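Worksheet: one structure, shown below.
Laboratory data are not the source of any read-out in this text; all were calculated from the coordinates shown. Nothing here was measured: the structure is a model prediction, and the numbers come from that model. Virtual Cβ from ideal backbone geometry, glycine too; neighbours counted across all protein chains shown.
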Amino acid sequence: MRSFNQAYIDGAFVQVQGNETLSIINPASEQVIGQVTLANRADTVLAIEAATRAQPTLASTRKAERIDMLLALQQAVLSNSDRLRDAAIEEYGGVLARTQWVSQYAAQCFKNTAHVLDGYEWVRTIGEASVIMEPVGVAALIAPWNSVAGTVCSKLACAIAAGCASVIKPSELSPIQTHVLATALHEAGLPDGVFNILLGRGHDVGDELTTHPGVTKISFTGSTSTGKQIARASIETMKRVSLSLGGKSATLLLDDVDLATAVPLAMSAAFMNNGQACVAGSRLLVPRARLGEVISAVRRHVDTMRIGDPSDPQTAIGPAVSQAHYERVQTYIRRGLEQGATLIAGGTGRPQGLEKGYYVRPTVFADVTDRMDIANEEIFGPVLSIMTYDSLEQAIAMANRSDYGLQAYVFSSDPDMARRVALRLEAGTVLINRHTSELMAPFGGRKQSGLGREFGVFGLEAFLEAKTVVAD
Ligand code: NAD
């Protein structure tokens with residue numbers, strides 16, 4: 001049984017002052033595999049003070065020094081990527097291919113950001129003014145449980161490139177991944193206090209970060225409801241806030257779509273990360289004339305999906321992260337049935353042969369209308385809603401009829417038509433005939449999916465303030 005009771009503050013691993021403990025449960029086996037003691041407000045204040053001490057020195061480093069730091073972090077994370085992958089499999093049931101990709105992506109973030117920094121102009125001339133980009137100050141980086149290494153590393157890379165010291169708070173559901181990541185980042189040998197890491201509850205550690213006057217910037221990834229709480233709490237001290245939030249992304253199959261290629265990609269978009277992805281394409285919009293074909297192709301695809309042990313390379317879908325989350329997804333499946341959707345695959349309960357583990361049956365509903373909860377709410381599990389349209393105009397209106405606007409997918413044999421549709425969709429990112437994004441391009445949501453953009457130069461500028469100097 002492993003026990004985690006340390007935070008990483010001022011370049012050292014220190015015992016936390018908090019005393020709340022949580023059991024760590026492997027979601028595939030339901031076994032208790034460890035225990036974590038959470039940090040509290042006093043630990044958070046120490047971490048903020050360490051970052052505050054490191055801030056002036058970091059802010060005065062030259063571009064080349066920050067690039068060296070980023071490349072050292074890249075190497076440190078890369079050399080621990082197998083440990084990060086294994087921790088993600090064990091702790092939240094992420095499947096092998098996905099966790100492998102995320103742990104390598106976590107290292108790549110530092111290299112990508114070093115490249116952006118290398119080409120970045122800190123001073124530009126606008127009319128008679130010099131406009132100088134300056135680090136915004138100490139940043140709080142708050143991450144969810146469903147992509148710990150990727151989220152933390154992409155935020156940390158931009159913070160360091162900008163010259164911002166940080167306090168990192170991953171989810172309290174991720175102590176093993178946090179421990180592996182913290183030891184990896186420590187190996188990079190950055191100056192003390194440049195980044196600090198602690199685990200704790202939102203209502204104390206998170207709240208301290210969002211209200212403490214020493215924190216100038218919040219970069220948050222998580223649910224829309226938490227994002228709103230953070231935005232409200234942090235306005236009193238006028239923090240700069242970036243929010244990457246939830247989604248209910250639409251996948252549009254246009255009427256000329258080649259189903260043999262589109263359906264597997266659309267299903268991956270829907271069920272990636274066991275359905276626990278902010279960008280999951282959880283609404284599939286289908287032309288009425290092709291509904292029968294789509295349903296057959298979707299059923300065939302679901303039949304081929306292996307559900308089970310996330311460390312098995314053949315597994316497509318692992319367990320939900322926790323018992324509570326399993327129950328939440330079950331509630332949505334029951335609601336889909338009660339509200340009149342037609343079940344075409346999956347359903348309530350565990351998949352056959354899996355008595356242990358928080359496994360959800362990959363579930364697909366047809367005849368979903370926009371009055372049903374499964375059409376509107378983020379379920380965060382392997383549940384796909386098929387909705388039918390009669391015209392392209394109606395399809396675009398249906399895709400946009402959502403409180404969220406994170407990502408959308410368009411599949412068509414006509415690239416020009418797909419592009420015209422993409423330009424009319426209210427989403428931060430639109431992917432055409434693919435389900436993977438461009439990681440140097442801006443990522444973020446419209447409407448209730450967030451505020452601001454991450455990644456690449458947009459991610460860097462989220463940690464900068466412009467200063468205008470005009471002289472005679
Ligand atoms: P969550 O909002 O419950 O928690 C996210 C983080 O916020 C955790 O570290 C949590 O401890 C912290 N937190 C909670 N209350 C807080 C408060 N009052 N102040 C400060 N911090 C607080 O989200 P989750 O369940 O961990 O993650 C799933 C959600 O994250 C989904 O909605 C998903 O769509 C979203 N998500 C979005 C993206 C994106 O890039 N848009 C990526 C991954 C996940």
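For a quick check: with amide H placed at 1.01 Å from N, whose amide H comes under 5 Å from A345's, ignoring anything fewer than 5 positions away on the same chain?
V364
If you filter the stretch 365-422 for trypsin sites (Lys or Arg not before Pro), then keep DSSP loop positions with at most 10 other Cβ within 10 Å, what is left? Present the calculation step by step, with values, prior to reporting the outcome.
On the way: sites: R371, R401, R419, R420; in loops: R371, R401.
Hits after loop and neighbour filter: R371.
Along the stretch 130-147, what does the Karplus equation 6.51 cos²θ - 1.76 cosθ + 1.60 (θ = phi - 60°) give for ³J(HN,Hα), rounded to whole Hz, x for Gly and Pro?
Here the 3J(HN,Hα) series is 9, 10, 10, 8, 10, x, 6, x, 5, 10, 9, 10, 10, 10, x, 8, 8, 6 Hz.
Using modelled backbone amide H atoms (1.01 Å from N, in-plane), which distant-in-sequence or interchain residues come within less than 5 Å of G193's amide H?
The list, which skips near neighbours in sequence, is D10, G11.
Could you tell me which of G357, L46, V116 has its Cα farthest along the dipole of the chain towards the positive end, charges placed at Cβ (Lys, Arg +1; Asp, Glu -1), taken about the Cα centre?
Value: G357.
Return K217, K169, K447 ranked ascending by Cβ neighbour count within 10 Å, so the fewest neighbours appear first.
K447, K217, K169
Kirkwood Rh, the stretch 250-439, all Cα pairs: how many Å?
Final number for the Kirkwood radius of the stretch 250-439 is 16.5 Å.
Convert each backbone phi in the stretch 375-384 into a coupling constant with the Karplus relation 6.51 cos²θ - 1.76 cosθ + 1.60 (shift: θ = phi - 60°), then list the ³J(HN,Hα) values in order as whole Hz, x for Gly and Pro.
In residue order, the calculated couplings are 8, 10, 9, 6, 8, 6, x, x, 10, 10 Hz.
Long-range amide H contacts for L406: which residues qualify at under 5 Å (H placed 1.01 Å from N, peptide plane, sequence gap of 5 or more or a different chain)?
It is K248, G428, R446, by chain and number.
Kindly list the residues of the stretch 44-76 that lie in the label zone of V14, defined by a backbone N under 17 Å from the point 7 Å along the Cα-to-C-beta vector.
Inside the label zone: 44-55.
May I ask which of K111/K239; K356/K447; K63/K228; K63/K447; K111/K356 have a Cα-Cα span longer than 30 Å here?
Details: K111/K239 28 Å; K356/K447 39 Å; K63/K228 34 Å; K63/K447 35 Å; K111/K356 40 Å.
Flagged as over cut-off: K356/K447; K63/K228; K63/K447; K111/K356.
Tell me, what HN-Hα J-couplings in whole Hz come from the Karplus equation 6.51 cos²θ - 1.76 cosθ + 1.60 at θ = phi - 60° for each residue of the stretch 211-223, using x for Gly and Pro?
Computed from phi, the couplings for the stretch 211-223 are 10, 5, x, x, 9, 9, 9, 10, 10, 10, 10, x, 6 Hz.
Add -39500 (n - 2.57) for each DSSP H run of 4 or more in the chain, then divide by its residues: what number comes out at 222 nm, to the nearest 500 deg cm²/dmol?
-12500 deg cm²/dmol
What nm distance separates the two modelled labels at D68 and Q35, each placed 7 Å from Cα along Cα→Cβ?
That separation, rounded to one decimal, is 4.4 nm.
So, with +1 on the Cβ of K and R and -1 on the Cβ of D and E, and no other charges, what is the size of the charge dipole of the stretch 250-439 about its Cα centre, to the nearest 20 debye?
In debye, rounded to 20, the stretch 250-439 gives about 320.
Across 5 Å bins from 0, what is the distribution of all Cα-Cα pair distances for the stretch 63-198, in whole percents?
Going from the shortest bin to the longest, the percentages are 2, 11, 21, 22, 18, 11, 7, 4, 2, 1, 1, 0.
With +1 on each Lys and Arg Cβ and -1 on each Asp and Glu Cβ, how big is the dipole of the chain about its Cα centre, in debye rounded to the nearest 20?
420
Run the quick spin-label model on A471 and I235: label points 7 Å from Cα toward the beta carbon, then report their separation in nm to one decimal.
Rounded to a tenth, the inter-label distance reads 3.9 nm.
From Cα pairs below 8 angstrom and at least 6 apart in sequence, can you work out the relative contact order of the stretch 250-439, rounded to a whole percent?
27
Mind checking which of Y105, I132, V152 is farthest towards the positive end of the stretch 66-163's charge dipole, using Cβ charges of +1 (Lys, Arg) and -1 (Asp, Glu) about the Cα centre?
Y105
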